[in-house]
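Every number here is computed from the coordinates shown, using simple stated rules; none is lab data. Computed from a predicted model, the values in this text were never measured in an experiment. Cβ atoms come from the backbone with ideal geometry, glycine included; neighbour counts cover every protein chain shown.
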Amino acid sequence: MATTPWESDLVSRMKTRFGESIREFSTYAGQNFLLAEPGAVVPILEYLKIEEEFEYLVDLTAVHYPKREQQFDLLYVLYRFPPHNERIRVKTLITEGDRPPTVTGVYAGADWMEREVYDMFGIAFDGHQNMKRILLPDEWHGHPLRKEYGIIQQDQRWVQENLQIESGQ
Amino acid sequence: MPEATFLDSTELVLNMGPQHPSTHGVLRVILKLDGERVLGTECVIGYLHRGVEKIAENRTYVQFAPYVDRMDYVAAVSNGLGYCLAVEKLLGIEAPPRAQAVRVALTELNRISSHLLWLGTHALDIGAITPVFYTFREREEALKIFEKYCGARLTTHAFRIGGLQYETHDTYEKDLLAFCDMFPARVDEYEELLTGNRIWVGRTQGVGILTVEDCKELSVTGPPLRAAGLEWDLRKAQPYSGYEKYDFEIPTGANADTFDRYLVRMREMRQSVRIIRQAVEGLPSGPIMAKVPKVIKPPVGECYVSIESPKGELGYFVVSDNSTQPYRVRVRPPSFINLQALDRMCRGCLVADVVAIIGTIDIVLGEVDR
């Protein structure tokens, strides 16, 4: 990704405060994002929410890169209302099996978003009050948005037991 | 220990849906009740899950475009616009002015038709039978315009990446202006039926309160946020498709209840008429497609594009790995996020109010479940 460095007052404030825990401040297609160490995400979001008025968690999602050592991108999209009217993304890389801490304590709205990430990618969030699937049935096996999950793949056993049909295809 | 009798008051768990007329599809809500009072709710969703985001990774950029219409199928035009804008951003292109004006007009018409469906069914849920016949009458007029333009009424696939596939039809301007002339008086009719109606006011005022603080905390956007009093609309805050050129207002409420959300949507329909009129009268001439490569392969990168859909902020996060298929498409569906606030809105209210509150959030299960 051909990014350019992102520079602003906010960036310099964050650089002094978080130092090495933020690896990169970049801009791509006019959109700013920062790359943080997994352990620093909750303090960064707390800081952004309380001191910088990023009160609105727009979205929380993940991307799977199976060939990388750190297989998942975890993304938090934040917004602060006018007069700032600014949108940023906080990005962190995590490894298979990691249990990133929940951000529901900072943004209550992250509840369902984290459940969806768990459902689709199998990333369980530590400290989440209700860490279970949200869109797929609770007994389903597999996490469909992982790259190794095929487009027509299904949990055959679940389909046979619950729908009384041989196959959903 | 005294023996239990029928007069004991114990908590009751009541299951509502997934087949229930007021849940607008297949939403299941588990209610915990103390008599008629709601102590808590839990939503069970996913009955309509089709794996749209997975499908995206296995289709080309162009092939995936019609799929987005099937999420929020009552506002298919908005869904299509958001997706096209996201891919255009990755490609670094912009639709030409004529295409943008047509996009704005049709998206606003879609906002009206989405709000009309909401109004009719919401009133029906609460017990007012009449409005649904009125609103479907006008919705039909809007759908006819979509049909004339692109051949489809519901899942329109009206736009293409880079602009429009179709030039406007011969009666495009006449039809839309006729709709703009006719429609405000019809909104007056709905308001006559409902706004001053004692039963309507009694059933909606003070019900399902969701303050600005609640909205921010739970990421709720769209009419519920505006009804709580915050004047925030992406069309004004971060304009796209040339919305900055149009003169319109953001309606807001003050009481953050079901009645105010109703009023906000009614006023939004009137504002949409204003926008359509401007977009039709100021329709520029020129090409309708930007220069788009025959095979769409955006450079490696990612972007997040949001638009103001009738239900709230609709976001698309698209990741490209420079192949013909998107590496990842994430949809931020406003219905899904706003539905999360149901529990907060329902606590302490009566069972009958739950029906009103589900209606006032304005969800489409196709979008909640994707």
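Observations
- Cα Rg over Rh - the protein assembly as shown, Kirkwood: 0.96
- Förster-model FRET efficiency, 41 Å R0, B:Arg347 and A:Gln169, C-beta, rounded to 0.05: 0.45
- The angle between the Cα long axis of helix B:258-281 and the main principal axis of chain B comes to about 10°, on a 0 to 90 degree scale.
- The trypsin sites (Lys or Arg not before Pro) of the stretch A:81-163 that meet both conditions, a loop assignment by DSSP and at most 12 other Cβ atoms within 10 Å of the site Cβ, are A:Lys132.
- The share of alpha-carbon pairs in chain A lying farther apart than 22 Å comes to 49%.
- Rounded to the nearest 10 degrees, the inclination of helix A:110-121 to the longest alpha-carbon principal axis of chain A is 50 degrees.
- Extension gain, B:Phe133 to B:Val295: 0.36 nm times the residue separation minus the Cα-Cα distance gives 53.7 nm.
- Fewest-first ranking of A:Leu60, B:Leu314, using other Cβ atoms within 10 Å as the exposure measure: A:Leu60, B:Leu314
- Cα-derived Rg to Rh of the stretch B:109-207, Kirkwood definition: 1.07
- Shielding of A:56-64 by partner chains, average beta-carbon count, 10 Å: 6
- The reciprocal of the average 1/r between distinct C-alpha atoms defines the Kirkwood hydrodynamic radius, which for the stretch B:209-328 equals 16.7 Å.
- Rg/Rg_ref, the stretch B:1-113, where Rg_ref = 2.2 N^0.38 Å and atoms are Cα: 1.72
- Of the GluC sites (Glu not before Pro) found in the stretch B:151-252, the ones in coil according to DSSP and having at most 16 other Cβ atoms within 10 Å of their Cβ are B:Glu167, B:Glu231, B:Glu249.
- All Cα-Cα separations within chain B were binned at 10 Å from zero, giving a P(r) of 5, 24, 32, 24, 10, 3, 1, 0, 0, each value a whole percent of the pairs.
- For GluC sites (Glu not before Pro), no site in the stretch B:107-153 is both called loop by DSSP and has at most 16 other Cβ atoms within 10 Å.
- One compactness figure for the stretch A:120-169 is 1.29, namely its Cα radius of gyration divided by 2.2 N^0.38 Å.
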